[in-house]
1. Search segment 195-227 for residues being outside any helix (DSSP H, G or I) and within 17 Å of Gly245 (Cβ to Cβ), and hand back the single one that is nearest to the chain's Cα centre (by Cα).
2. Name the one entry in Ala324, Ala328 that is modelled with pLDDT under 95 and of a type in the set (Gly, Ala, Ser).
3. For segment 63-70, indicate whether the set of residues that are under 27 Å from Asp358 (Cβ atoms), β-branched (Val, Ile, Thr) and either assigned to a helix (DSSP H, G or I) or over 21 Å from the mean Cα position of the chain (by Cα) (or both) is non-empty.
4. Of these, Gly321, Gly349, which one is at positive phi, surrounded by fewer than 20 Cβ atoms within 10 Å (Cβ to Cβ) and of a type in the set (Gly, Ala, Ser)?
5. Return the only residue of Ala339, Ala348 being modelled with pLDDT under 95, part of a loop (DSSP other than H, G, I, E, B) and either closer than 20 Å to Val83 by Cβ or among the small types (Gly, Ala, Ser) (or both).
6. Counting only residues that are in contact with a strand residue (DSSP E or B) (Cβ under 9 Å, 6 or more places away or on another chain) and surrounded by fewer than 16 Cβ atoms within 10 Å (Cβ to Cβ), which one in segment 20-39 is modelled with the lowest pLDDT?
7. What are the residues in segment 59-82 that are under 10 Å from Asn31 (Cβ atoms) and surrounded by fewer than 18 Cβ atoms within 10 Å (Cβ to Cβ), if any?
8. Picking from Arg274, Arg263, Arg280, which residue would you name as being surrounded by fewer than 16 Cβ atoms within 10 Å (Cβ to Cβ) and outside any loop (DSSP other than H, G, I, E, B)?
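The values are calculated or read from the model by the stated rules, or taken from the named source; none is laboratory data. All figures in this text were calculated on a predicted structure; none of them were measured in a lab. When we count neighbours, we look across all protein chains shown, and the Cβ atoms used for this are built from the backbone with ideal geometry, even at glycine.
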Amino acid sequence: MKHLPGIKQNLSTLLSLPSISSTLDEYDMSNKAVIDQLASWCETLGFSIDIQCVDETRKKYNLLATLGKGPGGLILSGHTDTVPCNIEKWQSDPFSLTDKHNRFYGLGSCDMKGFFALALAAVEKVDTNKLIAPIFILATADEETSMTGARALASLGLPKARAAIIGEPTGLKPINMHKGILMEGIKITGQAGHSSDPSLGNNAMDAMHTVMGELINFRDELKHTHQHTAFSVPSPTLNLGCIHGGDNPNRICGQCELHFDLRTIPGMSSNDLRAQIQQRLDPIAKQTQTNIEFYRLFDGVEAFASAEHSELVALAEKLSGHGAEAVAFATEAPFLAAANIDTVVMGAGSIDQAHQPDEFLAHDQIQPMVNYIEQFIKHYCL
């Protein structure tokens, strides 16, 4: 087997290839350069390469690299995109690797380009001539915004692997459960008019006041009917995030729009929740004689929970010495778990360093994670 330059050099290369994912066009970038680089390295190690375009307009791509044949096997999965960054707030260039204080600094160092460098280093440590089941490297697009890559894989069909490691930064602890997320919008259209006479219009903001009260009541109901003690916040949460309406104090508000998010716990269905909210909105529209449009800001991510007696979680707990934990942030895990792949979230670095200036991957996290991945490969593929 040919060898790659090494973890530091590989990570440096990945950091130098910007792949920001953003809902704002002025910040959004293609991830093709990262995909091509990973494909080149995987090909060097003997993997077969499948690059999938998942959004032609925005130039977004997935990579599925396969080494070995047969049923089962292990998926090493990560996303290739990063969040935007405020360059002026960084103490170093976010698109270059800076090695200081026993840390590798750079945008995506822990979330989560670093995982690919560690996964490839682990593959190089095993005798791939002895594979009895395949190793898959899965690299996806747009996890930080719409999860376009994971959704595309789910629709096209994931490999029928036995297990999957999603290398999000978890401080080397196995995560077997996380909350889901919905981001929703409500737009109310009434009738503008002169504020001196309420009969000249129909105030959309008044109607939104009623809607917000109903959402708060719904939030309280969810808090009492759904609990999961594995989470630090054990109930679902509903946050009224931003609101816009009207254009002047002396005009009746003709239109008002609210955006909110809802964090779900395992066992809850996003579609059921949307249906319950719609049932609460319909009477308000009739009562206020306004038009109420309820829509998705993005398709959402279901809550995730590993199988109750997961072989993979048990192995991850044994290797790491940590019991599995639940977290509030969402990942691509539900898409793999829905394909009946035993899935755990586990990686080097801390989520506390993600999405902020001077993101870093601590040196002391690197070799342990490489060793864990090597043991996962030996368990499932050799």
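1. Checked segment 195-227; the qualifying residue nearest to the chain's Cα centre (by Cα) is Asn203.
2. Ala328
3. no
4. So the residue among Gly321, Gly349 that is at positive phi, surrounded by fewer than 20 Cβ atoms within 10 Å (Cβ to Cβ) and of a type in the set (Gly, Ala, Ser) is Gly321.
5. Testing whether each residue is modelled with pLDDT under 95, part of a loop (DSSP other than H, G, I, E, B) and either closer than 20 Å to Val83 by Cβ or among the small types (Gly, Ala, Ser) (or both) leaves just Ala339.
6. Applying the filter and picking the extreme gives Tyr27.
7. Lys59, the sole residue that qualifies.
8. That would be Arg280, the only listed residue that is surrounded by fewer than 16 Cβ atoms within 10 Å (Cβ to Cβ) and outside any loop (DSSP other than H, G, I, E, B).
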